[in-house]
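I have placed the structure first, in the form of structure tokens, so that the comments after it can refer back to it.
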Amino acid sequence: MLTVLILGGTTEGYELAQKLAAFPDLRTISSLAGRTSAPRLPAGESRIGGFGGIDGLTAYLQENLVQAVIDATHPFARRMGWNASAACAAAQVPLLRLERPAWRPGPGDVWQQVQSWELAAQALRTALRVLMSIGRQELAAFTALTEPFFLIRAVDPPDPMPPFAKAQILLARGPFNLEDERRLLIDNRIDAIVCKNSGGTATDAKLAAARELGVRVIMLDRPPRPQCRTVADTKAALDWLYDLGLISQGP
Ligand SMILES: NC(=O)c1ccc[n+]([C@@H]2O[C@H](COP(=O)([O-])OP(=O)(O)OC[C@H]3O[C@@H](n4cnc5c(N)ncnc54)[C@H](OP(=O)(O)O)[C@@H]3O)[C@@H](O)[C@H]2O)c1
């Protein structure tokens with residue numbers, strides 16, 4: 001049986017696993033890092049937890065006779081793409097990157113694109129009321145700022161709560177719509193938003209609301225990735241598998 005490995009943990013990874021489940025002659029294994037305690041399991045087979053670096057992944061590809069790898073990890077997953085690139089080269093397995101396109105500033109946007117949280121914190125020196133839309137793991141770089149009030153939106157509460165001078169937690173899970181995002185910015189008198197350039201449509205309404213209201217956006221750029229053939233959607237990933245001869249019919 002032909003075997004495809006999806007490095008997942010993203011909407012795109014789930015979507016691709018679902019589509020590949022329609023090919024009965026294909027063994028599709030989705031790999032999840034295991035960061036959440038009860039992850040939603042993708043269609044097909046899944047495995048959870050790290051491989052043990054490049055060597056571990058190389059061995060896994062060889063032992064499981066994997067014929068193709070699709071790296072569908074999140075744009076801000078810093079390590080896995082590099083491991084996949086090195087392991088696929090070592091095991092001589094073709095690799096495709098499936099990545100949603102980054103957001104780009106358009107007319108009316110007031111964006112400051114930064115490459116680190118430290119630079120994002122520097123950009124906030126004149127801000128008064130900030131919406132933090134970066135999750136709960138990477139807040140520490142902002143705690144030295146004592147002037148702005150931080151409205152921290154996250155799915156789960158930070159534990160422990162970083163020592164902010166003025167902050168409030170807002171528990172919420174996307175997707176978010178434009179009307180609610182506009183209301184949130186107005187009601188909280190937000191003058192700056194900090195976020196990651198995740199791309200996609202689930203959380204982009206805040207950017208449209210910011211544009212309308214002239215709110216400044218401090219946008220963290222994506223981390224560097226290895227050179228790799230990249231597609232933006234699952235349909236193109238299916239085309240690639242078809243071209244490799246791993247699925248028998250065109251999508
Ligand atoms: N970072 C984010 O903002 C973000 C957001 C949404 C979802 N995610 C998902 O959460 C996962 C972990 O994110 P991260 O930022 O910690 O990634 P990372 O920095 O790229 O990965 C760190 C280590 O976690 C393991 N790992 C990562 N993704 C894996 C996968 N799909 N299957 C098996 N092991 C994996 C690998 O361990 P070994 O070296 O031991 O193999 C890797 O070296 C990713 O799969 C990503 O798609 C991340």
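All of the numbers you see were taken from the coordinates with simple rules; none came from a lab. None of these values were measured; they are calculated from a predicted model. Reconstructed Cβ throughout: ideal geometry from the backbone, glycine too, with neighbour counts over all protein chains shown.
Values computed for the structure shown
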{"quantity": "Length gained when the stretch LEU65-THR230 is fully extended (0.36 nm per residue, less Cα-Cα span)", "calculated": "57.1 nm"}
{"quantity": "Helix 53-63 axis, angle to the chain major axis (alpha carbon atoms, nearest 10°)", "calculated": "30 degrees"}
{"quantity": "Rg/Rg_ref, the stretch 92-251, where Rg_ref = 2.2 N^0.38 Å and atoms are Cα", "calculated": "1.23"}
{"quantity": "Counted charge near GLY50, where neighbours are those whose Cβ lies closer than 11 Å (Asp, Glu -1; Lys, Arg +1)", "calculated": "+3"}
{"quantity": "For the stretch 186-236: Kirkwood Rh in Å [reciprocal of mean 1/r, alpha carbons]", "calculated": "13.3 Å"}
{"quantity": "Quotient of Cα Rg and 2.2 N^0.38 Å for the stretch 80-171, N being how many residues it contains", "calculated": "1.46"}
{"quantity": "Global geometry of the stretch 7-94, whether rounded, prolate or oblate, following the gyration tensor of its Cα atoms and the 1.5 cut on a/c", "calculated": "oblate"}
{"quantity": "Backbone HN-Hα couplings from phi across the stretch 19-27 [Karplus 6.51/-1.76/1.60, Hz, Gly and Pro as x]", "calculated": "5, 6, 5, 6, 9, x, 8, 10, 9"}
